[in-house]
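> Sharing a structure, written as structure tokens. Questions coming.
The values are calculated or read from the model by the stated rules, or taken from the named source; none is laboratory data. Since we're looking at a predicted model, the values are computed, not measured. FYI the Cβ positions are ideal-geometry reconstructions off the backbone, even for glycines, and counts take in every protein chain you see. When the accessible area is computed, the model is the full protein with side chains, heavy atoms only, and any ligands, DNA or RNA have been set aside. Shrake-Rupley method; radii C 1.70, N 1.55, O 1.52, S 1.80 Å.
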Amino acid sequence: MAEFMTENRNGIGPAADEARVPTVIADDLHIVYRVYGTGAGKGSATAALNRIVRRRPSTGVREVHAVKGVSFTAHRGESIGLIGSNGSGKSTLLQAVAGLLPAESGKVYTHGQPSLLGVNAALMNDLTGEKNVILGGLAMGMSREEVRERYDGIVDFSGINEKGDFISLPMRTYSSGMAARLRFSIAAAKDHDVLLIDEALATGDRSFQKRSEARIRELRKEAGTVFLVSHNNNSIRDTCDRVLWLEKGVLRMDGPTEEVLAAYEDFTGA
């Protein structure tokens, strides 16, 4: 079988397995943040200006090793939960898989185009919800006709019109929960090769969470791969068949959902 995996930086990765098709491969992945301008009590803008004017390197550089040697292979049809304490590297790992963060060392290979959905994903606050649905759908690669066909379903799924015609109002009038539900609804309207969800199910009432979990299961059946970062272990249980547990940037455990969650809850005392 021909090699099909594409590295996030346009390289070539391993070939597909005939029985189980890999969609994401992380190979000894390290991600390091560098925070500049932390020395001498100066703000980052001042420190940056001084480096330019004086042509000197910053003396206040702090490195944060956010992901440390993580390796795993995700396959088509899997739904994978990412768990761990705050600051453990979960969101950083998602951004690396999406190609938004460069690796310090190691590689990430993906099949198809990963789509990252986060609670803070940008929609345009001055535009109405209706226009954001259209722009969001087009940005994900849907045609105008596909957006029109799926528009009513997106609005109904989000539930933001249940208490009024909010879809015709600017996004700035939405609560954070309404905006997050609309983001998820737009992303979930399209079939994805790899869908990366960062805490989206933490918003909204239980009814919306149930609809979201059901949609994730549908995406899996449609041959996609879903990654879900969540602090809600029940959402992980209801949605995922596999869990990656990160702690301080290290992949501590990778296995079946119940097995990994049991170990994690014993670790945290939950």
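> Do you know which of the residues in the range 217-253 that are of a type in the set (A, V, I, L, M) and outside any strand (DSSP E or B) is modelled with the lowest pLDDT?
Taking the candidates together, the pick is ALA223.
> Can you tell me which residue is modelled with the lowest pLDDT among those in the range 207-216 that are of a type in the set (D, E, K, R) and open to solvent by less than 90 Å² (accessible area, probe 1.4 Å)?
In this case the residue turns out to be GLU213.
> Please indicate, with yes or no, whether at least one residue in the range 115-129 is in contact with a Leu (Cβ under 6 Å, 6 or more places away or on another chain), open to solvent by 10 Å² or more (accessible area, probe 1.4 Å), under 13 Å from VAL194 (Cβ atoms) and in a strand (DSSP E or B).
yes
> Restricting the search to the range 217-249, which residues are open to solvent by 70 Å² or more (accessible area, probe 1.4 Å) and either under 15 Å from the mean Cα position of the chain (by Cα) or in contact (Cβ under 8 Å) with a residue 24 or more places away in the chain (or both)?
Once the filter is applied, which keeps residues that are open to solvent by 70 Å² or more (accessible area, probe 1.4 Å) and either under 15 Å from the mean Cα position of the chain (by Cα) or in contact (Cβ under 8 Å) with a residue 24 or more places away in the chain (or both), the range 217-249 yields ARG217, LYS221, GLU222, HIS231, ARG237, LYS248.
> Can you tell me which residues in the range 179-206 are in a helix (DSSP H, G or I) and either touching a residue at least 40 places away in the same chain (Cβ under 8 Å) or open to solvent by less than 30 Å² (accessible area, probe 1.4 Å) (or both)?
Those that are in a helix (DSSP H, G or I) and either touching a residue at least 40 places away in the same chain (Cβ under 8 Å) or open to solvent by less than 30 Å² (accessible area, probe 1.4 Å) (or both): ALA179, ALA180, LEU182, ARG183, PHE184, SER185, ILE186, ALA187, ALA188, ALA200, LEU201, ALA202.
> While we're looking at this one, here's another question. Working only within the range 137-170, note down all residues that are within 20 Å of ASP205 (Cβ to Cβ) and touching a residue at least 12 places away in the same chain (Cβ under 8 Å).
Within the range 137-170, GLY153, ILE154, VAL155, PHE157, SER158, GLY159, ILE160, PHE166, ILE167 qualify.
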